[in-house]
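**Student:** This is the structure I want to talk about, given as structure tokens.
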Amino acid sequence: MKVSIIGTGYVGLVTGACLADMGNHVMCLDVDERKIARLRQGEIPIHEPGLDVLVRNNVAAGRLFFTTDPREGATYAPIQMIAVGTPPGEDGSADLQHVIAAARAIGRHMEGYKVIVTKSTVPVGTADKVKHAVIDEQKSRHLGNDFTVVSNPEFLKEGAAVEDFMRPDRIIVGADDARAIAMLRSLYAPFQRNRERIIVMSVRSAELTKYAANAMLATRISFMNEIANLAEAIGADIEEVRRGIGSDPRIGYQFLYPGAGFGGSCFPKDVKALQRTAQEAARPLRVVTAVEQVNEAQKHVLADKIRTRFNDNLRGKCIAVWGLAFKANTDDMREAPSLALIDDLVAAGATVRAYDPAAGAEAKKLFAESRSVSVVSSALGALEGADALAIVTEWQEFRSPDFAALKKALKTPAIFDGRNLYDPAALRAQGLEYYPIGRKQ
Ligand SMILES: NC(=O)c1ccc[n+]([C@@H]2O[C@H](COP(=O)([O-])OP(=O)(O)OC[C@H]3O[C@@H](n4cnc5c(N)ncnc54)[C@H](O)[C@@H]3O)[C@@H](O)[C@H]2O)c1
């Protein structure tokens with residue numbers, strides 16, 4: 001089949017590459033000329049395991065193409081997938097300007113029947129807005145409305161995006177048009193060979209499903225963070241509690257990790273947008289509001305621990321920070337808890353030496369103007385001249401460091417661990433001070 005993807009970011013590029021790998025012909029469109037130029041030269045603009053090989057193979061096989069020309073995108077394929085960003089607007093609602101611009105471009109140039117698929121995370125009612133934007137453009141061309149809008153929210157996780165796309169738990173298709181449903185069934189057939197994964201529902205239910213899923217996952221994290229803070233205050237150990245409750249199949253082990261708060265390009269903005277939808281419907285979501293408040297507070301827990309350890313005097317201190325990406329295996333720093341930590345440390349007068357295995361280039365851009373933050377190229381290099389170490393991202397290379405070298409490098413042998421990576425007793429036995437989340441200090 002032929003597919004056009006509008007928006008070649010994390011979701012668009014992964015979707016395009018995976019669909020091409022199944023034998024489809026895919027045109028990826030983006031307004032970012034530099035990004036498309038890099039892709040055409042074989043450079044992959046994001047860090048995502050397995051994506052580089054997939055993109056290069058499918059470009060070489062003549063199945064994956066890149067363009068900045070909206071006409072080329074709109075005329076290339078009967079399936080038009082919108083995967084542009086939906087950042088939060090000032091009031092927390094999802095900013096739909098890119099989605100509507102993409103819809104208008106399709107309406108302006110399309111020829112023949114189109115299935116317009118929203119893959120971007122969009123609030124309930126967006127499909128209607130997309131439809132009207134397309135109709136509006138068609139009117140000016142005196143054309144009829146030979147298209148349908150489908151909601152097909154994406155559930156891939158950054159860091160495992162290719163794997164998630166290739167082996168989805170479910171494929172949500174919100175549609176009321178049999179022809180469009182049949183086309184998506186055949187597009188997704190190769191991804192569900194051992195069992196049916198497509199769940200067909202109404203467009204509005206599909207739009208809400210994505211937000212409900214992310215809000216539920218965010219709720220688990222904030223819940224665990226609150227219980228972790230309580231555990232710490234009353235002498236319990238959150239890791240023991242986590243194992244104790246995770247063993248209940250109704251609860252399960254996934255997404256039960258306490259930490260320095262959730263970040264990334266999805267949870268924070270989706271939690272906000274869902275609250276906004278609920279307010280507009282006069283059905284405020286009290287649980288979701290609390291999830292966000294808990295998360296905002298949690299992002300400052302590591303900095304509080306560091307300040308307390310140094311008697312509220314961080315002036316002139318240097319803190320090494322391991323991990324800048326919002327989670328491991330990605331270079332994405334959008335809303336990363338590391339940013340809140342670094343802000344707090346710098347505001348308290350400290351300097352920061354930061355290291356991330358993949359987000360270094362992004363961090364160098366973000367901190368280019370800062371005299372207090374330097375981004376270095378190795379974990380050990382970050383420790384040079386540092387008073388203490390804070391860990392924010394659970395990269396594998398941080399899991400088993402050389403503790404003797406670490407102790408030697410740090411002026412104060414203190415580790416503030418926002419991911420609970422280590423065994424507290426083993427670290428203390430080596431003469432290190434260890435400050436995890438929700439465990440005995
Ligand atoms: N990143 C994730 O893990 C993830 C997972 C599931 C769903 N989503 C959702 O998918 C959507 C895209 O997220 P992302 O992380 O891929 O965003 P992104 O910022 O990485 O990519 C969006 C791309 O769209 C391009 N774009 C903007 N307007 C355009 C237009 N009019 N025409 C063509 N291209 C345009 C941008 O230049 C950018 O390259 C969002 O709604 C997000 O919430 C993201």
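The values are calculated or read from the model by the stated rules, or taken from the named source; none is laboratory data. Worth saying up front: this structure is predicted, and the values here are computed from it rather than measured. Because the Cβ atoms are built from the backbone with ideal geometry, glycine has one as well, and the counts that use them run over all protein chains shown. Accessible surface areas use protein heavy atoms only, side chains included; no ligands, DNA or RNA. Shrake-Rupley method; radii C 1.70, N 1.55, O 1.52, S 1.80 Å.
**Student:** Enumerate the whole-percent occupancy of each 10 Å bin, from 0 to the last occupied one, for all C-alpha pair distances of region 291-441.
**Tutor:** Per 10 Å bin, starting at 0, the Cα pair percentages come out as 12, 46, 37, 6, 0.
**Student:** I'd like the carbon and sulfur percentage of the solvent accessible area for the chain, probe radius 1.4 Å, heavy atoms only, ligands and nucleic acids excluded.
**Tutor:** Values: 9960 of 19600 Å².
Result for the chain: 51 percent of the exposed heavy-atom area is carbon or sulfur.
**Student:** Please compute the net charge surrounding residue 273, taking Lys and Arg as +1 and Asp and Glu as -1 over other residues with Cβ under 13 Å from its Cβ. Provide the component values of the computation, followed by the final result.
**Tutor:** On the way: positive: 210, 269, 272, 276; negative: 90, 91, 95, 207, 270, 280, 292.
Taking every other residue near residue 273 into account, the sum is -3.
**Student:** Non-local amide H neighbours of residue 118 (under 5 Å, H modeled in plane, Pro and chain starts lacking H): which ones?
**Tutor:** Distant-sequence amide H within range of residue 118: 82, 150, 151, 152.
**Student:** Pull up all non-local amide H partners of residue 439: gap of 5 or more, or a different chain, and H-to-H distance under 5 Å with H placed in the peptide plane.
**Tutor:** 238
**Student:** Taking the 0 to 90 degree range and rounding to the nearest ten, how far is the long axis of helix 267-280 tilted relative to the main principal axis of the chain, both from C-alpha atoms?
**Tutor:** The two axes meet at around 60 degrees.
**Student:** To continue, here is another question. Please give the length that would be gained between residue 429 and residue 113 if that part of the chain were fully extended, namely 0.36 nm times their separation in residues minus their C-alpha to C-alpha distance (nm, one decimal). Walk me through the numbers on the way to the answer.
**Tutor:** Working: separation 316, 0.36 × 316 = 113.76 nm, distance 6.88 nm.
Extending this stretch completely gives an extra 106.9 nm.
**Student:** Taking loop as defined by DSSP and a crowding limit of 12 other beta carbons within 10 Å, which chymotrypsin sites (Phe, Trp or Tyr not before Pro) in region 102-159 fit?
**Tutor:** Working: sites: 113, 147, 155; in loops: 113, 155.
Sites meeting the loop and neighbour criteria: 113.
**Student:** Moving to a separate point now. Quick one: which of 193-201, 77-85 comes out on top by average Cβ neighbours within 10 Å, and what's the full order, highest first?
**Tutor:** On the way: 193-201: 11.6, 77-85: 24.3.
Answer by packing, highest mean first, reads 77-85, 193-201.
**Student:** Would you please state the base-10 log of I(q)/I(0) at q = 0.13, 0.16, 0.21, 0.27 1/Å for region 281-350, with intensities from the Debye formula using one equal scatterer on every alpha carbon?
**Tutor:** -0.48, -0.66, -0.92, -1.17
**Student:** Can you tell me the orientation of helix 178-188 relative to the chain, as the angle in degrees between its alpha-carbon axis and the longest Cα principal axis, to the nearest 10?
**Tutor:** Result, in degrees: 50.
**Student:** Any idea how far apart residue 290 and residue 97 come out in nm if each label point goes 7 Å out from Cα toward Cβ?
**Tutor:** Label at residue 290, label at residue 97, 3.6 nm between them.
**Student:** Take residue 32 and residue 254, extend 7 Å from each Cα along the Cα→Cβ direction, and tell me the distance between the two endpoints in nm.
**Tutor:** 2.8 nm
**Student:** Oh, and also: ³J(HN,Hα) across region 15-23 via Karplus (A = 6.51, B = -1.76, C = 1.60, θ = phi - 60°), whole Hz, x for Gly/Pro?
**Tutor:** Per residue, the Karplus-derived 3J(HN,Hα) values read 4, x, 5, 5, 5, 5, 5, 8, x Hz.
**Student:** Take peptides 338-349, 61-72 and line them up by average Cβ neighbours within 10 Å, highest first, as a rough protection proxy.
**Tutor:** On the way: 338-349: 19.8, 61-72: 16.9.
Answer by packing, highest mean first, reads 338-349, 61-72.
**Student:** Give a residue-ordered list of calculated ³J(HN,Hα) values for region 429-441 (Karplus: 6.51 cos²θ - 1.76 cosθ + 1.60, θ = phi - 60°; whole Hz; x for Gly, Pro).
**Tutor:** 4, 8, x, 9, 7, 10, 10, x, 9, x, 10, 4, 7
**Student:** Next up: Taking every eigenvalue of the Cα gyration tensor of region 48-141, multiplying by 5 and rooting it, what semi-axes result, largest first, whole Å?
**Tutor:** Working: eigenvalues 130, 81, 20 Å².
Taking √(5λ) for each eigenvalue gives 25, 20, 10 Å, largest first.
**Student:** Could you give log10 I(q)/I(0) at q = 0.26 Å⁻¹ for region 61-103, computed by the Debye formula over C-alpha point scatterers of equal weight, without solvent?
**Tutor:** For region 61-103 at q = 0.26 Å⁻¹, log10 I(q)/I(0) is -0.98.
**Student:** Which distance in nm do the two modelled labels at residue 247 and residue 304 give, with both placed 7 Å along the Cα-to-Cβ direction?
**Tutor:** 3.1 nm
**Student:** Quick one: length gained pulling residue 233 to residue 408 fully straight, 0.36 nm per residue minus the C-alpha distance? Provide the component values of the computation, followed by the final result.
**Tutor:** Working: separation 175, 0.36 × 175 = 63.00 nm, distance 3.09 nm.
Fully extending the segment from residue 233 to residue 408 adds 59.9 nm.
**Student:** Return the tail of the calculated pair distribution for the chain, meaning the percent of Cα-Cα pairs more than 44 Å apart. It would help to have the intermediate numbers written out before the result.
**Tutor:** On the way: 16804 of 97020 pairs.
Above the 44 Å cut-off, the chain has 17 percent of its Cα pairs.
**Student:** With both partners inside the chain, how many of the DSSP beta bridges are antiparallel, as a percent to the nearest 5?
**Tutor:** Around 5 percent antiparallel, to the nearest 5.
**Student:** Another question about this same structure. So between residue 370 and residue 169, what do we pick up on full extension, going 0.36 nm a residue minus the alpha carbon distance? Show your work: numbers first, answer last.
**Tutor:** Numbers: separation 201, 0.36 × 201 = 72.36 nm, distance 4.27 nm.
Full-extension gain reported as 68.1 nm.
**Student:** Let me ask something else. In Å², what does the accessible area per residue of the chain work out to with a 1.4 Å probe? Mind dumping the intermediate values first?
**Tutor:** On the way: 19600 Å² over 441 residues.
Dividing the accessible area of the chain by its residue count gives 44 Å².
**Student:** Can you list the residues, at least 5 places off or on another chain, whose amide H is less than 5 Å from the amide H of residue 95, using H built in the peptide plane?
**Tutor:** Residues meeting the criterion, in which the H sits 1.01 Å from N, are 89.
**Student:** Cα axis of helix 286-298 to longest principal axis of the chain: angle in degrees, 0 to 90, nearest 10?
**Tutor:** It works out to around 50 degrees.
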